[in-house]
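Worksheet for the structure shown next.
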Amino acid sequence: MELLTREGCPMCAAAAEQLAGLAGELGFVLTVTDVDAAAAAGDSGLRAEYGDRLPVVLLDGVEHSYWEIDEPRLREDLAR
């Protein structure tokens, strides 16, 4: 699972904290990607695609949710 964020985003920080707790409970690996840092490193695609909806959760590379974590749906999708 990947969480797309940006520095200074309070909603991103809250989502990262929530997902970190769920990762420990449910046993998934969480990767956090700062879209602005990725753009500065030459990969502007994530910022162009998701930059106005952060935080964004990608599950298996597909957008699962944005702005808020839909925890019941996430739990259900991870159980599959």
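The values are calculated or read from the model by the stated rules, or taken from the named source; none is laboratory data. Not measured: the values here are computed from a predicted model. Positions of Cβ are backbone-derived with ideal geometry, glycine not excepted, and every protein chain shown enters the neighbour counts. Note: areas computed on protein heavy atoms with side chains; ligands, DNA, RNA excluded. Shrake-Rupley method; radii C 1.70, N 1.55, O 1.52, S 1.80 Å.
Listing for the model above:
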| read-out | value |
| --- | --- |
| Which numbered condition GLY8 misses (of (1) at pLDDT 95 or above; (2) open to solvent by less than 70 Å² (accessible area, probe 1.4 Å); (3) on the phi > 0 side of the Ramachandran plot) | (2) |
| Elements of type helices (runs of 4 or more DSSP H) contained in region 12-80, each with 2 or more residues being of a type in the set (A, V, I, L, M), open to solvent by 30 Å² or more (accessible area, probe 1.4 Å) and within 11 Å of MET1 (Cα to Cα) | none |
| Pairs where the first residue, in region 17-32, is closer than 17 Å to ASP60 by Cα and basic (Lys, Arg) and the second is open to solvent by 70 Å² or more (accessible area, probe 1.4 Å) and in a helix (DSSP H, G or I), C-beta under 6 Å, 6+ apart | none |
| Filter result for LEU26 (in contact with a helix residue (DSSP H, G or I) (Cβ under 9 Å, 6 or more places away or on another chain) and at pLDDT 95 or above) | no |
